[in-house]
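See structure below.
The values are calculated or read from the model by the stated rules, or taken from the named source; none is laboratory data. Computed from a predicted model, the values in this text were never measured in an experiment. All Cβ positions, glycine included, derive from the backbone under ideal geometry; neighbour counts span all protein chains shown.
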Amino acid sequence: MKCVLVIDAGLPRGLAANAAAVLAATLGARVPDLVGRDLPDADGADHPGIVVVPLPVLAADTDALRELRQRAAAVPDLVCVDFSRLAQQCRRYDEYADLLAATPGQSLDYVGVGLAGPAKAVNKLTGSLPCCR
């Protein structure tokens, strides 16, 4: 399995970090066994499990994110989560739900896309993207 986050390269640092956090949390909730078991340190104190695979953060522009989401949604066995500019601007989930229900899909601008699934499929979709800097 491979996971990646792809963030809008034009976002300011704080908004990019927010998008990555939202996508990572959503992937963690949707992908079984993505987060490992709690582990003890040498003193016996437990530490919460973290992701069990590397989680690179890549960059793309808005058009590439829209295309990535569209292509990824058509791949079997691939978990694709998205985070739109609309969602990032909302302060409450019910506000987001109402606005999303009134917005055609082709009108959404994505600030990030998270993928998890077979490495070959993820690489095919994201292999040419640069690291987020």
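Suppose the filter is more than 10 Å from the chain's Cα centre (by Cα) and on the phi > 0 side of the Ramachandran plot; does residue 49 pass it? Taking the combined requirement at face value, the residue does not satisfy it.
Please work out if residue 77 is among the acidic types (Asp, Glu) and in a loop (DSSP other than H, G, I, E, B). Against the criterion (among the acidic types (Asp, Glu) and in a loop (DSSP other than H, G, I, E, B)), residue 77 qualifies. Any residue at all in region 26-41 that is over 23 Å from residue 119 (Cβ atoms), in a strand (DSSP E or B), touching a strand residue (DSSP E or B) at 6+ places or on another chain (Cβ under 6 Å) and not acidic (Asp, Glu)? So far as region 26-41 goes, yes, one or more of its residues are over 23 Å from residue 119 (Cβ atoms), in a strand (DSSP E or B), touching a strand residue (DSSP E or B) at 6+ places or on another chain (Cβ under 6 Å) and not acidic (Asp, Glu). Looking at this structure, is residue 22 touching a Gly at 6+ places or on another chain (Cβ under 9 Å), of a type outside the set (Asp, Glu) and without any contact (Cβ under 8 Å) to a residue 24 or more places away in the chain? No.
In region 106-133, the qualifying residues are those that are surrounded by 11 or more Cβ atoms within 10 Å (Cβ to Cβ) and part of a strand (DSSP E or B), and the one that is farthest from the chain's Cα centre (by Cα) is 117. Taking region 52-65 as the search range and keeping residues that are over 13 Å from the mean Cα position of the chain (by Cα) and part of a helix (DSSP H, G or I), which one is surrounded by the fewest Cβ atoms within 10 Å (Cβ to Cβ)? Among those that are over 13 Å from the mean Cα position of the chain (by Cα) and part of a helix (DSSP H, G or I), it is 63.
Restricting attention to region 72-86, the residues that are surrounded by 15 or more Cβ atoms within 10 Å (Cβ to Cβ) and more than 21 Å from residue 133 (Cα to Cα) add up to 7. Just one of (1) surrounded by 11 or more Cβ atoms within 10 Å (Cβ to Cβ); (2) touching a Pro at 6+ places or on another chain (Cβ under 6 Å) trips up residue 36, so point out which. Single failed check for residue 36: (2).
Residues of region 75-88 include at least one that is in contact with a strand residue (DSSP E or B) (Cβ under 8 Å, 6 or more places away or on another chain), at positive phi and not hydrophobic (A, V, I, L, M, F, W, C). Checking each residue in region 93-105 for being modelled with pLDDT of 95 or more and either loosely packed, with under 10 Cβ neighbours inside 10 Å or in a helix (DSSP H, G or I) (or both) picks out 93, 94, 95, 96, 97, 98, 99, 100, 101, 102, 104.
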